[in-house]
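Engineer: This structure is in structure tokens; I'll ask about it shortly.
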């Protein structure tokens, strides 16, 4: 596990790609601050969402958990370790400077209810029973292979982890069908993860035409903005808080249920909106609207409400 | 009926853990024929066989480059990790921290170590992480057609005639100055010296840094190169004759008083340095650095064990880790009970 911010992750992007391709579990906390470059290093943003989702060269994509509170930072840290080991891949926990460095009230953290998950790790006894194993073979149909830990006392335990092309036995290969098979298995593993990640928090409003979609610390401004919209404008909106990437199918259903969905986020380029557009049904893409806040200060309810009201007036 | 009596097959030589030398081999090398790196892989195989190293206890680690491909060519049964360019040290550190019983055997090159990886290299040296760090040093980037690396000597010439006008980084001097505790230089073609130095390095419990001059037959083995086979053979100036005596062999070595130095390593194995210059003390940092500095002026390649310190605590000692490998600790030892979390929460209310 390592904790860093955007620049640290940019610096180590090559390692994250290695982790993805060699399938090494790692948990990375990103306390997002304002970029690009050194940016506003003491100010807050949600500017690393798109970069981390697809970090490193080649076809790569990574699991992300997105907490909105200190309680969720704690529970998602626990979950991130389990997911990293179960899916043998890097997992980002997307905090931000507001959450990571300011004082927050909290109800207290809950003790984990489940034992730690170490995923598919074979012991020397397992290897005796199986007679060996293929590191990158999809035995169970979920895209996840079995691994051994260094130091396992068995002549069949060792393998060479490499960032270069490899076959199911972890041996160097440039064969086209081997490369494609491996890349497709990694994509399948990513799909397996989709339904295993924290679910979105969805608050439906009966018959609402307007939906609001947000994530992370933007949540707190949305809670207040939903009140303002109802009291000041008489608009009752649905709300969906995305808590992970890849994005749950429930989120796409939420978008489909609303005529207009305002994606509120703390960056200039509508990064979550871009991720949604990559996967949303073409027919629903036109429902997505964007509300952006990127001046380095935590987003406030009034800015969100005003932006939604202004855009609603044009509809 | 005639019968032919076949002679019984010659018994295969096995080491003290019951393995043959062939058990320490890897896949067939894809490096150029005659590459010094292949000779180093062979010495690693021999050293591990002779010491009776159990392959499951070894982690082979490397970065990127010709050198870094070589872990596939020895110790097939061991775990290996081919990291990103210049960043084998961080992977080695993680490996040893999560399992302190593992022997980390790192293979890097001069490009991997002395340019992109120099930041990681210096911190590994100063931490004195228990590991072997081999630099397969050919003074050039062999995978990209032989451009000079940062260990190329001043005045050395490329095949194209380009002359190197920047001074080399002496990785041995750097390692000694930073705190590595076993520092040596050798030549891939000197089987006896390299084997003894490797065996000593594998037994040493601290950072053992071996810079092995390993000629690149494709791009840096011509007239005018200072890392060619012929140049190294002509200029090799061994500091001493090195012999390694493992702790499990009861061998006494005869030498006249004052003609050899004997160094006892952590497990009781010994390194015997014969014909060592009478005024040279391998426990003296300043002397080692003086020797290396002087060798740059003469252009001679001094090889041998420059520096050793068997007393300095290594990184694992300093961290005061539990004896059991961290990677295998059960949940009862890695997750504090609910009462601990409750106590922390109560203290914040």
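Engineer: Here is a list: B:51, B:61, B:97. Which entry is modelled with pLDDT of 95 or more, surrounded by fewer than 24 Cβ atoms within 10 Å (Cβ to Cβ) and within 17 Å of residue A:149 (Cβ to Cβ)? Step through it out loud before you land on a result.
Structural biologist: Details: B:51 fails: within 17 Å of residue A:149 (Cβ to Cβ); B:61 fails: surrounded by fewer than 24 Cβ atoms within 10 Å (Cβ to Cβ).
Going through B:51, B:61, B:97 in turn, just one is modelled with pLDDT of 95 or more, surrounded by fewer than 24 Cβ atoms within 10 Å (Cβ to Cβ) and within 17 Å of residue A:149 (Cβ to Cβ): B:97.
To keep it simple, each residue is scored yes or no on (1) at positive phi; (2) in contact (Cβ under 8 Å) with a residue 12 or more places away in the chain.
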{"residue": "B:208", "(1), (2)": "no, yes"}
{"residue": "B:217", "(1), (2)": "no, yes"}
{"residue": "B:227", "(1), (2)": "no, yes"}
{"residue": "B:230", "(1), (2)": "no, no"}
{"residue": "B:243", "(1), (2)": "no, yes"}
{"residue": "B:247", "(1), (2)": "no, yes"}
{"residue": "B:254", "(1), (2)": "no, no"}
{"residue": "B:258", "(1), (2)": "yes, yes"}
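Engineer: If I go through region A:21-45 residue by residue, how many of them are over 21 Å from residue B:82 (Cβ atoms) and assigned to a loop (DSSP other than H, G, I, E, B)?
Structural biologist: 6
Engineer: Hey, another quick one. Is it the case, given these coordinates, that residue B:188 is within 21 Å of residue B:109 (Cα to Cα), modelled with pLDDT of 95 or more and surrounded by fewer than 24 Cβ atoms within 10 Å (Cβ to Cβ)?
Structural biologist: Working: within 21 Å of residue B:109 (Cα to Cα): yes; modelled with pLDDT of 95 or more: yes; surrounded by fewer than 24 Cβ atoms within 10 Å (Cβ to Cβ): no.
Judged against the criteria, residue B:188 is not a match.
A quick yes/no check of all residues on (1) within 21 Å of residue A:159 (Cβ to Cβ); (2) assigned to a loop (DSSP other than H, G, I, E, B):
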| residue | (1), (2) |
| --- | --- |
| B:6 | no, yes |
| B:10 | no, yes |
| B:30 | yes, yes |
| B:41 | yes, no |
| B:47 | no, no |
| B:50 | no, no |
| B:53 | yes, yes |
| B:68 | yes, no |
| B:71 | yes, no |
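Engineer: List the number of the failed condition for residue A:225; all other conditions in (1) surrounded by 15 or more Cβ atoms within 10 Å (Cβ to Cβ); (2) closer than 30 Å to residue A:288 by Cβ; (3) within 21 Å of the chain's Cα centre (by Cα) hold.
Structural biologist: So residue A:225 meets the others, but not (3).
Engineer: Determine if region A:43-50 includes at least one residue that is touching a residue at least 24 places away in the same chain (Cβ under 8 Å), surrounded by fewer than 24 Cβ atoms within 10 Å (Cβ to Cβ) and more than 21 Å from residue A:291 (Cβ to Cβ).
Structural biologist: Within region A:43-50 (the criterion being touching a residue at least 24 places away in the same chain (Cβ under 8 Å), surrounded by fewer than 24 Cβ atoms within 10 Å (Cβ to Cβ) and more than 21 Å from residue A:291 (Cβ to Cβ)), the answer is no, since none of the residues qualifies.
Engineer: Return the total of residues in region B:92-121 being closer than 22 Å to residue A:154 by Cα and not in a loop (DSSP other than H, G, I, E, B).
Structural biologist: First, pick out the residues of region B:92-121 that are closer than 22 Å to residue A:154 by Cα: B:92, B:94-106.
Narrowing further to those that are not in a loop (DSSP other than H, G, I, E, B): B:92, B:94-98, B:103-106.
Final tally of qualifying residues: 10.
Engineer: For the structure I just gave you, tell me whether residue B:20 is within 14 Å of chain A (Cβ to nearest Cβ), farther than 29 Å from residue A:14 by Cβ and touching a helix residue (DSSP H, G or I) at 6+ places or on another chain (Cβ under 9 Å). So that I can check it myself, show each step before the final result.
Structural biologist: Numbers: within 14 Å of chain A (Cβ to nearest Cβ): yes; farther than 29 Å from residue A:14 by Cβ: yes; touching a helix residue (DSSP H, G or I) at 6+ places or on another chain (Cβ under 9 Å): yes.
Spelling it out, residue B:20 is indeed within 14 Å of chain A (Cβ to nearest Cβ), farther than 29 Å from residue A:14 by Cβ and touching a helix residue (DSSP H, G or I) at 6+ places or on another chain (Cβ under 9 Å).
Engineer: Give region A:140-164 a look and list any residue that's crowded, with 16+ Cβ neighbours inside 10 Å, in a loop (DSSP other than H, G, I, E, B) and more than 7 Å from chain B (Cβ to nearest Cβ), or say none.
Structural biologist: Those that are crowded, with 16+ Cβ neighbours inside 10 Å, in a loop (DSSP other than H, G, I, E, B) and more than 7 Å from chain B (Cβ to nearest Cβ): A:142, A:143, A:144, A:145, A:146, A:148, A:156.
Engineer: Restricting the search to region A:261-281, which residues are touching a residue at least 12 places away in the same chain (Cβ under 8 Å) and out of contact with any strand residue (DSSP E or B) (no Cβ under 9 Å at 6 or more places or on another chain)?
Structural biologist: Going residue by residue through region A:261-281, those that are touching a residue at least 12 places away in the same chain (Cβ under 8 Å) are A:261-276, A:279-281.
Residues satisfying the conditions are A:274, A:279, A:281.
Engineer: Residue check: is residue A:18 within 14 Å of another protein chain (Cβ to nearest Cβ), surrounded by 20 or more Cβ atoms within 10 Å (Cβ to Cβ) and either over 14 Å from the mean Cα position of the chain (by Cα) or in a strand (DSSP E or B) (or both)? Quick ask: steps written out before the conclusion?
Structural biologist: Numbers: within 14 Å of another protein chain (Cβ to nearest Cβ): yes; surrounded by 20 or more Cβ atoms within 10 Å (Cβ to Cβ): yes; either over 14 Å from the mean Cα position of the chain (by Cα) or in a strand (DSSP E or B) (or both): yes.
Yes.
Engineer: If you don't mind, there's one more thing I want to ask. Would you confirm whether or not region A:87-95 contains a residue that is within 22 Å of residue A:300 (Cβ to Cβ) and part of a helix (DSSP H, G or I)? First the steps, then the outcome.
Structural biologist: So in region A:87-95, the residues within 22 Å of residue A:300 (Cβ to Cβ) come out as A:94-95.
Subset that is part of a helix (DSSP H, G or I): none.
Checked region A:87-95: no residue is within 22 Å of residue A:300 (Cβ to Cβ) and part of a helix (DSSP H, G or I).
Engineer: Could I ask something else about it? Looking at (1) within 21 Å of residue B:66 (Cα to Cα); (2) within 19 Å of the chain's Cα centre (by Cα), find the lone condition where residue B:219 falls short.
Structural biologist: If we test residue B:219 against (1) within 21 Å of residue B:66 (Cα to Cα); (2) within 19 Å of the chain's Cα centre (by Cα), just (2) comes out false.
Engineer: Anything in region B:84-94 that is surrounded by 24 or more Cβ atoms within 10 Å (Cβ to Cβ) and either more than 27 Å from residue A:2 (Cα to Cα) or at the interface with chain A (Cβ under 7 Å from one of its Cβ atoms) (or both)? List them, or say none.
Structural biologist: Of everything in region B:84-94, nothing turns out to be surrounded by 24 or more Cβ atoms within 10 Å (Cβ to Cβ) and either more than 27 Å from residue A:2 (Cα to Cα) or at the interface with chain A (Cβ under 7 Å from one of its Cβ atoms) (or both).
Engineer: Which of the following residues is in contact with a helix residue (DSSP H, G or I) (Cβ under 8 Å, 6 or more places away or on another chain), farther than 22 Å from residue A:24 by Cβ and touching a residue at least 12 places away in the same chain (Cβ under 8 Å): A:197, A:213, A:97? Quick ask: steps written out before the conclusion?
Structural biologist: Working: A:197 fails: farther than 22 Å from residue A:24 by Cβ; A:97 fails: in contact with a helix residue (DSSP H, G or I) (Cβ under 8 Å, 6 or more places away or on another chain).
One residue alone meets the criteria, A:213.
Engineer: Moving to a separate point now. May I ask you to verify whether residue A:168 is part of a loop (DSSP other than H, G, I, E, B) and more than 14 Å from chain B (Cβ to nearest Cβ)? Quick ask: steps written out before the conclusion?
Structural biologist: Working: part of a loop (DSSP other than H, G, I, E, B): yes; more than 14 Å from chain B (Cβ to nearest Cβ): yes.
For residue A:168, the condition - part of a loop (DSSP other than H, G, I, E, B) and more than 14 Å from chain B (Cβ to nearest Cβ) - is met.
Engineer: Could you identify the single residue in B:34, B:80 that is in a strand (DSSP E or B) and either surrounded by fewer than 21 Cβ atoms within 10 Å (Cβ to Cβ) or at the interface with another protein chain (Cβ under 7 Å from one of its Cβ atoms) (or both)?
Structural biologist: Working: B:34 fails: in a strand (DSSP E or B).
None of the others qualify; the one that does is B:80.
So that you can scan it fast, the table gives a plain yes or no per residue for (1) under 15 Å from residue A:222 (Cβ atoms); (2) out of contact with any helix residue (DSSP H, G or I) (no Cβ under 8 Å at 6 or more places or on another chain); (3) surrounded by fewer than 17 Cβ atoms within 10 Å (Cβ to Cβ):
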{"position": "A:261", "(1), (2), (3)": "yes, no, no"}
{"position": "A:278", "(1), (2), (3)": "no, yes, yes"}
{"position": "A:284", "(1), (2), (3)": "no, no, no"}
{"position": "A:289", "(1), (2), (3)": "yes, no, no"}
{"position": "A:293", "(1), (2), (3)": "yes, no, no"}
{"position": "A:297", "(1), (2), (3)": "no, yes, yes"}
{"position": "A:300", "(1), (2), (3)": "yes, no, yes"}
{"position": "A:310", "(1), (2), (3)": "no, yes, yes"}
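Engineer: If you go through region A:239-259 one residue at a time, how many are more than 16 Å from residue A:199 (Cα to Cα) and surrounded by 19 or more Cβ atoms within 10 Å (Cβ to Cβ)? Walk me through it before giving the result.
Structural biologist: Pass one, region A:239-259, residues more than 16 Å from residue A:199 (Cα to Cα): A:256-259.
Applying the additional criterion that residues be surrounded by 19 or more Cβ atoms within 10 Å (Cβ to Cβ) yields A:258.
Of the residues in region A:239-259, 1 are more than 16 Å from residue A:199 (Cα to Cα) and surrounded by 19 or more Cβ atoms within 10 Å (Cβ to Cβ).
The values are calculated or read from the model by the stated rules, or taken from the named source; none is laboratory data. If you're wondering where the values come from, they're calculated on a predicted model, not measured in any experiment. Quick reminder, even Gly has a Cβ in these numbers, built from the backbone with ideal geometry, and neighbours come from all protein chains shown.
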